[in-house]
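Just below is one structure, and these are the notes that go with it.
The values are calculated or read from the model by the stated rules, or taken from the named source; none is laboratory data. In this text the structure is predicted, and so the values were computed from the model without any measurement. Every residue, glycine as well, gets a Cβ built from its backbone with ideal geometry; the counts of neighbours run over all protein chains shown. We work out accessible area using only protein heavy atoms, side chains counted, and drop any ligands, DNA or RNA first. Shrake-Rupley method; radii C 1.70, N 1.55, O 1.52, S 1.80 Å.
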Amino acid sequence: MIKKFIRRLLGSKNKPAAGDLLTLGPKEHKINPALVSPNAVRVTQTLQQAGFKAFVVGGAVRDLLLGHKPKDFDIATNATPEQIKRLFRRAFIIGRRFQIVHVMMGQEQIEVTTFRGASSEAAPKDEHGRVLRDNTFGEQHEDAVRRDFTINAMYYDPANQIVLDYHGGIADIRSKTLRIIGVPEARYREDPVRLLRVVRFAAKLGFSIAAESREPIKIMAPLINNVPTARVFDEMLKLLMSGHALACLQQLRKEGLHHGLLPLLDVVLEQPLGEKFVTLALDSTDQRIRAGKTVSPGFLFASLLWHQVVEKWTAYQAAGEYPIPALHLAADDVLHAQTDKLALQRKIATDMRDIWSMQPRFERRTGKMPFKLLEHPRLRAGYDFLLLRCASGEIDSELGEWWTDFMAGDNNERELLLVRNTKTADKAGPPAKKRARRRGGRGKNPDGAAPAVAE
Ligand code: ATP
Ligand code: MG
């Protein structure tokens with residue numbers, strides 16, 4: 001009775017009251033079956049032929065309804081992890097507390113989950129109300145209640161092409177609304193990561209956040225601090241790799257979620273110096289992801305934190321350190337401050353350090369130095385990073401152009417480039433390293449004309 005009353009209060013006019021199951025056929029939902037992965041279809045078929053229920057669920061259904069090709073497929077079923085595993089040749093049970101099954105089909109990994117039970121009331125919680133363990137299996141309608149947003153709680157059966165919509169997800173897709181299922185405060189409290197998820201989906205899908213789902217965000221933001229860092233990191237990575245990182249970070253700021261949430265975001269969103277650099281880095285990341293290319297998390301985080309490194313690097317040099325050790329000290333400081341709160345995996349931290357420490361080496365364009373750098377296993381990432389620094393105006397673009405030519409050139413061309421550079425250095429007077437710090441005219445002749453390749 002009370003539940004029904006609350007639902008009526010929360011339900012908007014153009015959507016069915018939460019909990020009313022809607023069943024939609026292909027003519028209504030208009031999902032294009034060609035966008036459904038054949039492997040996901042095979043997994044649901046195998047489960048169904050063994051007598052179980054099985055559906056495509058979550059983000060994949062949402063994306064199909066929006067006419068997008070889903071990047072991966074999750075399946076929900078009433079089979080237990082053991083029962084699932086027995087049906088597939090390559091299936092692995094993952095996770096200790098709540099087991100899920102990874103079914104491998106060729107290169108594709110399909111995640112199969114047993115319907116979860118509804119009751120989070122009885123689940124053990126921390127002192128802030130965050131659910132610590134929640135392991136019960138349950139019915140399909142209970143599984144739907146447990147999901148985060150109405151648009152993420154729909155089930156699609158590829159066999160009969162029926163969509164089951166338990167919480168008005170279709171209506172919310174149509175009105176481009178992101179709405180949390182249930183009472184928003186309670187749902188954020190039991191899992192504060194949802195605060196980040198709401199921002200990610202709003203920015204990525206271009207949806208607006210329903211007023212009642214949006215209002216508590218600012219107040220509840222500090223709850224993120226109680227979430228294990230590894231989970232926050234995973235969610236942040238999803239946000240940054242969503243193809244809409246720039247929009248996501250702007251939305252985080254808009255919702256008041258950046259401040260004090262992660263040291264990384266404070267740095268990124270509040271540093272006037274690095275704003276152009278970060279914007280360019282995120283923009284190029286977004287473009288790569290949208291073009292289906294890979295992005296290395298190390299490169300991304302190295303970009304986000306670069307200006308903090310530069311600041312500290314300058315300070316160490318001003319205090320009398322030589323440039324290279326000063327850069328290492330700066331990198332240590334920055335990585336240390338981040339790893340406290342943001343569980344940066346060691347591999348990512350190593351990549352970041354490699355990319356940063358390569359930067360002064362690009363400045364050394366004499367003798368054997370550039371040839372040595374060509375052999376660096378992370379040269380490509382370091383070079384891309386250099387180009388980003390050029391594009392942001394931090395350093396003269398001549399350096400980037402020189403490296404572009406040097407990397408593309410054959411041995412003869414490379415020797416000529418070195419000669420050119422040595423001559424330029426002789427003419428201009430001060431050593432290349434000092435000139436590198438002067439704004440503007442590095443690498444150009446005193447009259448400003450670009451030097452000829454062979455003089
Ligand atoms: P993406 O396209 O970014 O993968 P997604 O919706 O598939 O989006 P996932 O993180 O892969 O997001 O999660 C799969 C599904 O699991 C979600 O659609 C949602 O139904 C459910 N889910 C994930 N995280 C939570 C959470 N923190 N609370 C409740 N439900 C969640
Ligand atoms: Mg997903």
Using heavy-atom solvent-accessible surface (probe 1.4 Å) with all chains present, what is the largest-first order of T339, T113? T339, T113
Share of the range 191-261's accessible area from carbon and sulfur, percent, 1.4 Å? 53
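Which of the residue pairs K27/K293; K254/K293; K204/K293; K30/K218; K53/K238; K218/K238 have a Cα-Cα distance greater than 26 Å in the structure shown?
Working: K27/K293 34 Å; K254/K293 29 Å; K204/K293 18 Å; K30/K218 37 Å; K53/K238 29 Å; K218/K238 21 Å.
Pairs exceeding the cut-off: K27/K293; K254/K293; K30/K218; K53/K238.
Using a 1.4 Å probe on the protein chains only, how many percent of the accessible area of the range 2-175 belongs to carbon and sulfur? Spell out each step's value before the answer.
On the way: 4700 of 9180 Å².
In the range 2-175, the share of accessible area belonging to carbon and sulfur is 51 percent.
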What is the calculated FRET efficiency for A159 to F371, with r their C-beta to C-beta distance and R₀ = 56 Å, to the nearest 0.05? 0.40
How much of I181 can a 1.4 Å solvent probe reach, expressed as accessible area in Å² and rounded to 10? 10
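Under the classification rounded if a/c is under 1.5, otherwise prolate if a/b is larger than b/c and oblate if not, where does the range 129-178 fall, given a ≥ b ≥ c as square roots of the Cα gyration tensor eigenvalues? Could you put the intermediate results ahead of the total?
On the way: a/c = 3.35, a/b = 1.36, b/c = 2.46.
Note, shape of the range 129-178 comes out oblate.
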How big is the charge dipole of the range 273-439 about its Cα centre, in debye rounded to the nearest 20, if each Lys and Arg gets +1 on its Cβ and each Asp and Glu gets -1 on its Cβ? 280
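At R0 = 45 Å, how high is the FRET efficiency between K27 and T339 if r is their beta carbon distance? Nearest 0.05 is fine.
On the way: r = 53 Å, r/R0 = 1.18.
That pair, K27 with T339, gives E of 0.25.
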With 0.36 nm assigned to each residue of separation and the Cα-Cα distance removed, E108 to T350 gains 84.3 nm
So if each residue of separation counts as 0.36 nm, and I subtract the Cα-Cα distance between I324 and R89, what length gain in nm does that give? 79.3 nm
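Quick one: grab the alpha carbon gyration tensor of the range 191-261, order the square roots of its eigenvalues as a ≥ b ≥ c, and give me rounded if a/c is under 1.5, else prolate or oblate depending on whether a/b is larger than b/c.
On the way: a/c = 1.68, a/b = 1.07, b/c = 1.58.
Oblate is the answer for the range 191-261, as a/c is 1.5 or above yet b/c matches or exceeds a/b.
Does the range 2-175 come out rounded, prolate or oblate, given a ≥ b ≥ c as the square roots of the eigenvalues of its C-alpha gyration tensor, rounded meaning a/c under 1.5 and, failing that, prolate meaning a/b above b/c? Each step should come with its number before you reach the end.
Numbers: a/c = 2.00, a/b = 1.12, b/c = 1.78.
Oblate, because a/c is 1.5 or more while a/b does not exceed b/c.
Under the definition of Cα pairs under 8 Å and six or more residues apart, what whole-number percent is the relative contact order of the range 273-439? Don't jump to the answer; show the numbers that get you there.
Values: 128 pairs, mean separation 34.9, N = 167.
Once normalised by length, the contact order is 21 percent.
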